[in-house]
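The values are calculated or read from the model by the stated rules, or taken from the named source; none is laboratory data. The model shown is predicted, which means the values in this text are computed figures rather than measured ones. Counting neighbours? That spans all protein chains shown, and the Cβs are built from the backbone with ideal geometry, glycine included. Keep in mind that these areas ignore ligands, DNA and RNA; they rest on the heavy atoms of the full protein, side chains included. Shrake-Rupley method; radii C 1.70, N 1.55, O 1.52, S 1.80 Å.
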Amino acid sequence: MIIVLKHDITPAQKEETREFLERHGYKVREIVGEQDTILGAVGLVQMDFREVEILPGVDRVIPISKPYKLASRELKSEDTIVRIGGVRIGGGRLAVVAGPCAVESREQMREAAATVREAGGVVLRGGAFKPRTSPYSFQGLGEEGLKILRETGDEFGLPVVSEIVGTESVEVCRDYLDVLQIGARNMQNFELLKRVGALGKPVILKRGLSATIEEWLMAAEYLMAHGTDDVILCERGIRTFETYTRNTLDLSAIPVVKKLSHLPVIVDPSHGTGIRAKVSPMALAAVAAGADGLMVEVHPHPDQALSDGPQSLYPEQFERLMRDIEAIAPVLEKELQRIPNGAVNLTTGPKDASTAGSRTEGPAGEAAEGAERGGTVAFQGMRGAFSETAVHRFFGEDYDALPCDSFEDVFKDVLNGRVPYGAVPIENSLAGTVHEVLDLLLQYPDIIVVGEQKVRIIHSLMAVEGATIDSLAKVYSHPQGLAQCSRFFDEHPSIERVPFFDTAGAVAHIADLKDPSLGAIAGREAAKVYNVSVLQEGIENNPRNYTRFFIIARVETPPIHSPNRAALTFSTLDKPGALFSVLKVLADHGLNMKKLESRPILGKPWNYMFFVAVDLPEKREILDEAVEAIKKTAGDVRQLGLYYSHGN
Ligand code: PEP
Ligand code: MN
């Protein structure tokens, strides 16, 4: 603390003040200025500063250290990620908790859960004990409500949250719920905070109606000091003089709290505004302001709701809101959390993981012999694309490849669990890194790299049955494909090059037109898919044309083969030698670097993220040690995966 002394303080009073502070364990330094004299007192002590303020000769005291410790960023600089089953909240993700204000009936909850699940919510809410302002309002169904909530959550594969209003229901809430909610009215019910904290379960802590940010963080400190690390702060509006909204939603609290604390912050625009029409705009604003998620009230029939109907969204409004959030997530470089649909089990990973995990050597194409039929792997492009070749080289022919329109669709299909794996190009030996894929890896923290496959890009000239090179007047391909075969065109000046959006797409096009004067350049696999003939193979100028593909999966997926590579990303501080100090850590640990690439960080001009791939050392601990050491010199270190690199 800083103690500002009165101008007329006597030397004896000053000495007494100094002694008082030292007796309480502070180190004290005096600074004498032209106008004022101050004492600076530092120490690991918690003291009521008013005791100093009332000493004779003291003008005022300015506390400098924060009263909360466990919740503070000073103690823990990385974002806390709260896990609720397979759902993660915090650290670059957007998670939406949704459901009705109160559990009213089984039918109502089932309808609500279907909407929440379908639209992309990841936690189901519903109050069983309702803290109503009026004793005559619906008070909730109590334990019966918890039971309905639990059963509905299980049926729809959604974890559940409900509010606990008193210490007498700690056990019953613990037994039925995945997350306990402390409501705004109970934020400073310290006995309740202690008991709930001691359960060690995740808690959503709402900000009190008239609580300062510091009081809110102190309430989180209570929960943490008593035994849970998993606190999610929820801004839900505070009481102001304004009457046009139920509360005033304090969105400025988000960046403030995110700086002070490592805990995730979500926003409840339903209680924050109290009016349905205001919920979606404020929800989007909260996301834009940096919230890690939302808690939204949605009811299948808001006009019949027993509680908070006027602020509950209709199902269509909720669906629309979710689509809007999905549209803005990439701008904020955030991943919208998803509950995987079927193909992926949140605790064990992809369905075929046990078979895949047991293969310890070689590419799946060889090792998969005799194994059960595999799964589906998403790729970008049309059938017959080089990405599809990568899928079959890595996994073997037993895996189906699913074509997608864009790289982002591949990421989304993997995240949603539509498919257990995806294959995306990361680098071409002639054209360089595929930056879009690298950026997606940075944007999707729940996607990891589990494999790598190198494919030689051999361009083949193909045309419909009966065509010859001499009959060709036009040849279609992707501009890159045409450029990589320029020598062939120089030798055949009468053939016109026609750019097409996709190599395999060009083959599909000529197969469709059945015209012997039209050719296409693509990988050989496309000829099989579209039933055309290969006129000449290997027409590319440079035979050293390779593309490396990453095999991606959800974060909980076990490695497919024994990993031999590791990929990391990190950001560097804006100071001399920042990158060097990280590379030095890699060198000091004997880690052989296979790739280093920088990417500008969106919204932070001249700040960079780096992507590194290294050979995995025999002793894994060396990598862990290196990662710990990098954390000390760089920010945001993340392991993108340990993977098996085949053919590199
Ligand atoms: C609720 O979430 O249903 C609720 C009562 O919220 P709050 O405690 O924020 O008023
Ligand atoms: Mn409510």
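Only one entry of 207, 150 meets the criterion of being closer than 19 Å to residue 82 by Cα, buried (at least 18 other Cβ atoms within 10 Å of the Cβ) and in contact with a Phe, Trp or Tyr (Cβ under 7 Å, 6 or more places away or on another chain), and that entry is 207.
The residues of segment 500-529 that are open to solvent by 50 Å² or more (accessible area, probe 1.4 Å) and either closer than 21 Å to residue 390 by Cα or in a helix (DSSP H, G or I) (or both), listed by number, are 501, 509, 512, 513, 524, 528, 529. Within segment 326-342, restricting attention to residues that are touching an Asp or Glu at 6+ places or on another chain (Cβ under 9 Å) and modelled with pLDDT under 85, which residue is least open to solvent (accessible area, probe 1.4 Å)? Step by step, filter segment 326-342, then rank; the result is 330. Quick one: is residue 165 aliphatic (A, V, I, L, M), within 16 Å of ligand 2 (Cβ to nearest atom) and more than 19 Å from residue 299 (Cα to Cα)? Criteria met by residue 165. Checked against (1) away from ligand 1 (no atom under 13 Å from the Cβ); (2) open to solvent by less than 20 Å² (accessible area, probe 1.4 Å); (3) of a type in the set (Gly, Ala, Ser); (4) within 23 Å of residue 247 (Cα to Cα), residue 307 meets all criteria but (1).
Filtered by the rule that a residue be over 20 Å from residue 392 (Cβ atoms) and part of a helix (DSSP H, G or I), segment 415-440 gives 415, 435, 436, 438, 439, 440.
Residue 634 passes every criterion in (1) out of contact with any Ser or Thr (no Cβ under 6 Å at 6 or more places or on another chain); (2) open to solvent by less than 70 Å² (accessible area, probe 1.4 Å) apart from (1). Would you confirm whether or not segment 491-499 contains a residue that is under 18 Å from residue 542 (Cβ atoms), open to solvent by 30 Å² or more (accessible area, probe 1.4 Å) and among the basic types (Lys, Arg)? Taking every residue of segment 491-499 in turn, at least one turns out to be under 18 Å from residue 542 (Cβ atoms), open to solvent by 30 Å² or more (accessible area, probe 1.4 Å) and among the basic types (Lys, Arg).
The condition of being over 30 Å from residue 637 (Cα atoms), of a type outside the set (A, V, I, L, M, F, W, C), in contact with a Lys or Arg (Cβ under 9 Å, 6 or more places away or on another chain) and modelled with pLDDT under 95 holds for only one of 51, 30, 74, 78, that being 30.
Which one is farthest from ligand 2 (Cβ to nearest atom) among residues in segment 81-117 that are of a type in the set (Val, Ile, Thr), open to solvent by less than 10 Å² (accessible area, probe 1.4 Å) and not in a strand (DSSP E or B)? Within segment 81-117, the match that is farthest from ligand 2 (Cβ to nearest atom) is 116. For segment 154-193, the set of residues classified as farther than 24 Å from residue 250 by Cβ, under 30 Å from the mean Cα position of the chain (by Cα) and in a helix (DSSP H, G or I) consists of 154, 155, 156, 173, 174, 175, 176, listed by residue number. Based on what the data block shows, is residue 156 within 13 Å of ligand 1 (Cβ to nearest atom) and either open to solvent by 40 Å² or more (accessible area, probe 1.4 Å) or not basic (Lys, Arg) (or both)? When the stated conditions are applied, residue 156 does not pass them. For segment 211-226, the criterion of being in contact with a strand residue (DSSP E or B) (Cβ under 9 Å, 6 or more places away or on another chain), surrounded by fewer than 16 Cβ atoms within 10 Å (Cβ to Cβ) and not β-branched (Val, Ile, Thr) is met by no residue.
Taking the criterion of being among the aliphatic types (A, V, I, L, M) and open to solvent by 60 Å² or more (accessible area, probe 1.4 Å), the residues of segment 564-597 that qualify are 573, 587, 593, 596.
Among residues of segment 433-444 that are farther than 11 Å from residue 611 by Cα, those with a Cβ under 8 angstrom from a residue that is polar (S, T, N, Q) and open to solvent by less than 40 Å² (accessible area, probe 1.4 Å), sequence gap 6+ or separate chain, pair up as 434/428.
Is there a residue being free of Cβ contacts under 8 Å to residues at least 60 places away in the same chain, open to solvent by less than 20 Å² (accessible area, probe 1.4 Å) and in contact with a His (Cβ under 8 Å, 6 or more places away or on another chain) anywhere in segment 479-490? Yes, that holds for at least one residue. Among all residues of segment 251-270, there is none that is over 25 Å from the mean Cα position of the chain (by Cα) and within 15 Å of ligand 1 (Cβ to nearest atom).
State all residues of segment 118-139 that are assigned to a loop (DSSP other than H, G, I, E, B), surrounded by 21 or more Cβ atoms within 10 Å (Cβ to Cβ) and either touching a residue at least 60 places away in the same chain (Cβ under 8 Å) or more than 14 Å from ligand 2 (Cβ to nearest atom) (or both); if no residue qualifies, say none. If the condition is that a residue be assigned to a loop (DSSP other than H, G, I, E, B), surrounded by 21 or more Cβ atoms within 10 Å (Cβ to Cβ) and either touching a residue at least 60 places away in the same chain (Cβ under 8 Å) or more than 14 Å from ligand 2 (Cβ to nearest atom) (or both), then 120, 121, 122, 130 are the ones that fit. Taking strands (runs of 3 or more DSSP E) as the structural unit, those lying wholly within segment 1-47 and holding at least 2 residues that are open to solvent by 40 Å² or more (accessible area, probe 1.4 Å) correspond to 27-32, 37-42. For segment 451-466: of the residues being touching a helix residue (DSSP H, G or I) at 6+ places or on another chain (Cβ under 9 Å) and part of a loop (DSSP other than H, G, I, E, B), which is nearest to residue 553 (Cα to Cα)? Looking at residues that are touching a helix residue (DSSP H, G or I) at 6+ places or on another chain (Cβ under 9 Å) and part of a loop (DSSP other than H, G, I, E, B), I get 457. Within segment 19-34, being of a type outside the set (Ser, Thr, Tyr) and closer than 16 Å to residue 48 by Cα holds for 20, 21, 22, 23, 24, 25.
Within segment 241-270, which residues are away from ligand 2 (no atom under 16 Å from the Cβ), part of a strand (DSSP E or B) and buried (at least 24 other Cβ atoms within 10 Å of the Cβ)?
The initial filter retains those residues of segment 241-270 that are away from ligand 2 (no atom under 16 Å from the Cβ), namely 241-244, 248, 250-265.
This time we only want the ones that are part of a strand (DSSP E or B), so: 248, 261, 265.
Across segment 241-270, the qualifying residues are 261, 265.
Residue under question is residue 477, and the condition is that it be modelled with pLDDT of 95 or more, within 15 Å of residue 384 (Cα to Cα) and not aliphatic (A, V, I, L, M); does it hold? Taking the combined requirement at face value, the residue satisfies it.
Any chance segment 289-304 includes a residue that's within 18 Å of the chain's Cα centre (by Cα) and open to solvent by 10 Å² or more (accessible area, probe 1.4 Å)? Yes, some residue in segment 289-304 is within 18 Å of the chain's Cα centre (by Cα) and open to solvent by 10 Å² or more (accessible area, probe 1.4 Å).
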